[in-house]
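Everything below concerns the one structure shown next.
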Amino acid sequence: MQQKDTVIFNLNKALQLEYFDVFSYPREANLIKDNVIKSKFEEFGLMEIRHADLLSQRILALGGKPIWDFHLLQGENDLKKIISRHIDYEQRAIDFYADLIKEVDGQTRIFLRGIKSEEEAHLSQLKEFFNSLK
């Protein structure tokens, strides 16, 4: 199991991953004309907010301070490129959580598994959307 400072550091890295999507999903939902995809992007954005809240609460519970440091990418108007980028980001988040789950205490592991599971559902839905656009 990782030292508490390392866990806090890694939870802050996860927080940064989540905050990219907190801002990009809703912003991009406004650009999407397909109502089904638009609705899912709005839903995913709300889920990412919850993930960020859970991560910050766990950081605080471990005695750390959430670091609200994030970087927005340039906007994109092409739906295939938007979805492709989110597929990449969701996969990176899933991989990060999978590695982190192996290294943390039981309580942190439980909520990280929940977040990872939701990210896997996002990834699956995004892949379906991407394949439907071909």
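Bear in mind these aren't lab numbers, they're just calculated from the coordinates by the rules spelled out. Bear in mind that the values here come from a model prediction, so they are computed numbers and not experimental data. Glycine gets a Cβ as well: all are built from the backbone with ideal geometry, and neighbour counts include every protein chain shown.
For the ranges 92-102, 46-56, what's the packing order if you count other beta-carbon atoms within 10 Å of each residue, average per peptide, and put the highest first?
On the way: 92-102: 15.9, 46-56: 19.1.
With the highest mean Cβ count within 10 Å placed first, the list reads 46-56, 92-102.
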Exercise. Picking from Gln16, Gln107, Gln91, which is most flexible by a Gaussian network model of the chain using Cα springs under 10 Å?
Worked result: Gln107
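Can you compute the charge dipole magnitude of the chain about its Cα centre, using +1 on each Lys and Arg Cβ and -1 on each Asp and Glu Cβ, nothing else charged? Give it in debye, rounded to the nearest 20.
Values: 19 positive and 22 negative charges, 9 e Å.
My answer is approximately 40 debye.
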Seminar exercise, completed: In this structure, among Lys13/Lys80; Lys13/Lys102; Lys13/Lys127; Lys80/Lys116; Lys33/Lys81, pairs with alpha-carbon gaps over 21 Å are Lys13/Lys80; Lys13/Lys127; Lys80/Lys116
Problem set entry | Semi-axes of the equivalent ellipsoid for segment 4-132, Cα gyration tensor, largest first, Å | 27, 15, 11
